[in-house]
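Worksheet: one structure, shown below.
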Amino acid sequence: MAGKNERQRRQARERYRRQQEERTARQRQVRRRWLTGIGAVAAAGLIAALLVVFLPGGSGKNASAQSGKSPSASASASATAATVAEPAHHCTYTAAAPVARKVSFPPSSPDYTASYTATIKTNLGPISFSLLNSKATCTVNSFVHLAEAGYFNNTQCHRIVTTGIYVLQCGDPYATSTTKLDCSDTSTVGTGGPGYNFASENLTKATYPAGTVAMANGGTATSNGSQFFIVYKDSSSGLGTSYTPFATVSSGLDIVQNVAKDGTSCTYSEAGGGAPKEKVIIDSVTIKKA
């Protein structure tokens, strides 16, 4: 009997250890997926906050202080962008976890001469983009592929940031249309991707005025996935040059601005920003090619 009890205690300890490891791994993954940006102005200067990658897509939830400069990700991202001639004739997509919704990889040979527009049908009305295919070809190639595959359908825009930078973040299927966004540090929301990553583009002298649509990332120049953000108020001074601008809003920006005015229903304790008080549900994304 004593031996049996000891085995049960060992098994219980082992289960507890595994649970703690899994929780730590989830939290680490969330941190990698939060979009990195410059936060509010403090007495010592600007502080850099990790906001969701992906987000970010980041793409962590921990805030880290930087003195008046962009996060280190921007340096490596700029270096990568400098080696890519746009429009790109070939795209590389690399397998990456997690897979929030199963989808195939985009084609490696993009239609770099095409012109694309996208219309996001939301519960609050349509938001339309003009995609910058000649400047961010592989990013547009991925976005078009995901949209046509229904990857974004029935998902929520899971994060709104109203201080320091001004963005609505979307593109994570872990945030389904029925998910209750509670801003929990252990939630998988904010970590989701399509199962592949790709490199940043269009970063030279990048700016983020209102109406910019850019990729969230996981903190490096090659960690773009599916999460993206819509800038509803100029955030150029806060975002540096770390996030691929791949579209501009042609109509519907007022929808995002009104969501921002309504604020958040909860706050991400370490990431900044929070879940939009007014739900933004993406019903579908339609692509038109010319």
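The values are calculated or read from the model by the stated rules, or taken from the named source; none is laboratory data. Predicted model, so just to flag it, every value in this text is computed and none were measured. Cβ sites come from the backbone with ideal geometry, for glycine too, and all protein chains shown count toward neighbours. With ligands, DNA and RNA removed, areas are computed over all heavy atoms of the protein, side chains included. Shrake-Rupley method; radii C 1.70, N 1.55, O 1.52, S 1.80 Å.
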So how much accessible area does SER128 have, in Å² to the nearest 10, using a 1.4 Å probe? 20 Å²
Where does each of 280-287, 180-187 land if you order them by average Cβ count within 10 Å, highest first? 280-287, 180-187
On the principal axes of its Cα set, how long, how wide and how thick is the range 144-290? Give whole Å, largest value first. 36, 35, 31
Of the listed peptides 169-175, 7-13, what is their order by residue-averaged count of other C-beta atoms within 10 Å, with the highest listed first? 169-175, 7-13
Past 29 Å, Cα to Cα: identify those pairs from LYS102/LYS261; LYS135/LYS288; LYS205/LYS277; LYS121/LYS233; LYS121/LYS261, in the order given. LYS102/LYS261; LYS205/LYS277
Debye equation applied to the C-alpha atoms of the range 114-157, log10 I(q)/I(0) at 0.17, 0.20 Å⁻¹: -0.50, -0.67
Hey, what D do you get for the range 182-263 in µm²/s if you plug the Kirkwood alpha-carbon radius into Stokes-Einstein at 25 °C and 0.890 mPa s? 177 µm²/s
Normalised by the residues of the range 121-194, what does the relative contact order come to in percent, with Cα pairs under 8 Å and at least six apart? 21 percent
